[in-house]
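A short reminder: the numbers here are calculations on the coordinates, not readings from a lab. It should be emphasised that the depicted structure is a prediction, and the values quoted were computed from it without experimental measurement. Neighbour counts run over all protein chains shown; Cβ positions are idealised from the backbone, glycine included.
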Amino acid sequence: MLHSAPAVPSTAPPLAPIDPVVIPQRTLSTGAKMPAIGLGTFGSDHVSPSEIAAAVVGAAAVGYRHFDCASVYGNEAEIGAAFEKILRGGITRKELWITSKLWNDKHGEDDVIASCRKSLADLRLEYLDLYLVHWPFPNFHPPGCDVSSRSPDARPYIHENYMKTWRKMEELVDLGLVRHIGTSNMTIPKLKLLLRDARIRPAVNEMELHPHFQQPELFKFVVENGMEPVGYCPIGSPGRPERDRTPEDTAPTEDRVILEIARRHRTHPAAVCIKWAVQRGQTPIPFSVHHYRENLAAAAIGDPLTEEEMRVIATIDRKCRLIKGQVFLWKDGQTWEDLWDLSGEITPP
Ligand SMILES: NC(=O)c1ccc[n+]([C@@H]2O[C@H](COP(=O)([O-])OP(=O)(O)OC[C@H]3O[C@@H](n4cnc5c(N)ncnc54)[C@H](OP(=O)(O)O)[C@@H]3O)[C@@H](O)[C@H]2O)c1
């Protein structure tokens, strides 16, 4: 879906900066502090790298200090120029929290460190605060592909192979190139194996989280095991690529419970999703080139949701996964559910 939203809606308040000291912080298992809201940077195949880089500069100017990047988003070089501009403007590197991710075609032992160094060079940084394994499968898709795309040598999850990748992730910490390492798109059975075998445990698990996909069991598991849940698609990803849309998908921002709470707080339903995420204890990373200031305001200032509103939102989970990952399937005849270990066991090869 292409967006035609105006750069600044006519009803928008002036873009007064929000003091970063009022942004809630998460304390990770290492004691490090991470801002409890970040700016997503995946343009969903239709927002250009230069528009996103401009949003990164604008977001830092209004108070964002946390940015969620990835090599596969195809815009790290432009975002690197944005970071350089931000740092030249007086914000210091240690005030920023910058995440990047290892793409699926770089799981090989010789590729992990090189890929991280490439992201660092593109982003014009000496270290990352957090480096994630983007998906637990080495299966990749070319940018802009459709839902039927499969990588030619697609494979299932093989824990022994994942651990070889993880050992290199640990080496990145030893080398001082990254401060924390983490996972993304994992399931409980896969995380159990990783937690058993890791020398350096994941500090974060990045996962889809919004009011229509709350993942309560995985959320609880992540928190109980000392990881921070970072929530992607916090608004329900209204601009996601065509390959990530099915007729059954629902939109949290159109849920009548969210609409009613938004009306009561005189705010946008997207702001309710952000408030819910921060108050529940996850770190949302909304993407936005037009509404980033409103999202930061929802997380950091203004009236919070009441306990009753939080309780009601907990009842509207539709178990509606939006990013199903079909392009990562490894053999014919599978459905996307096979990627997510719904039985509680890792799906057999
Ligand atoms: N680890 C992973 O595998 C993974 C997967 C998916 C995403 N992610 C990360 O998560 C980030 C967020 O996910 P996402 O981009 O798919 O979904 P999202 O943040 O839920 O939705 C972004 C969309 O919502 C719109 N929007 C944002 N704030 C709004 C507001 N206040 N009012 C109205 N519309 C608003 C944006 O439009 P405007 O730009 O016009 O404001 C954009 O189209 C990504 O950018 C990426 O960094 C990670």
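Relative protection proxy for 277-285, 246-254, 161-169, from highest mean packing down: 277-285, 161-169, 246-254 (other beta-carbon atoms within 10 angstrom).
With the largest listed first and rounded to whole Å, the semi-axes of the equivalent ellipsoid of segment 1-154 from the Cα gyration tensor are 28, 21, 14. As a proxy for reagent exposure, ranking Cys320, Cys273, Cys233 by other Cβ atoms within 10 Å from fewest up yields Cys320, Cys233, Cys273.
For the pair segment 92-106 / segment 265-330, the C-alpha centres are spaced 22 Å from each other. The Kirkwood radius of the chain, taken over pairs of alpha-carbon atoms, gives through the Stokes-Einstein law at 20 °C and 1.002 mPa s a diffusion coefficient of 105 µm² s⁻¹.
Between Arg245 and Ala16, the simple label model (points 7 Å from Cα in the Cβ direction) yields a spacing of 3.8 nm. Counting only lysines at least 8 places from Lys85 when in the same chain, those with an alpha carbon closer than 21 Å to its own are Lys94, Lys118.
Using the Cβ of Pro211 as centre and a radius below 14 Å, the other residues enclosed give a net charge of 0, where K and R count +1 and D and E count -1. Among 138-150, 197-209, 43-55, the peptide with the highest mean count of other Cβ atoms within 10 Å heads the list, and the full ranking is 197-209, 43-55, 138-150. Result for the chain in a Gaussian network model with C-alpha springs under 10 Å: among Asp153, Asp255, Asp332, the largest mean-square fluctuation is at Asp332. Summing +1 for each Lys or Arg and -1 for each Asp or Glu among the other residues whose beta-carbon sits under 10 angstrom from that of Leu28 gives +1. For the residue pairs Lys190/Lys324; Lys33/Lys106; Lys101/Lys220, the alpha carbons lie more than 27 Å apart in Lys33/Lys106.
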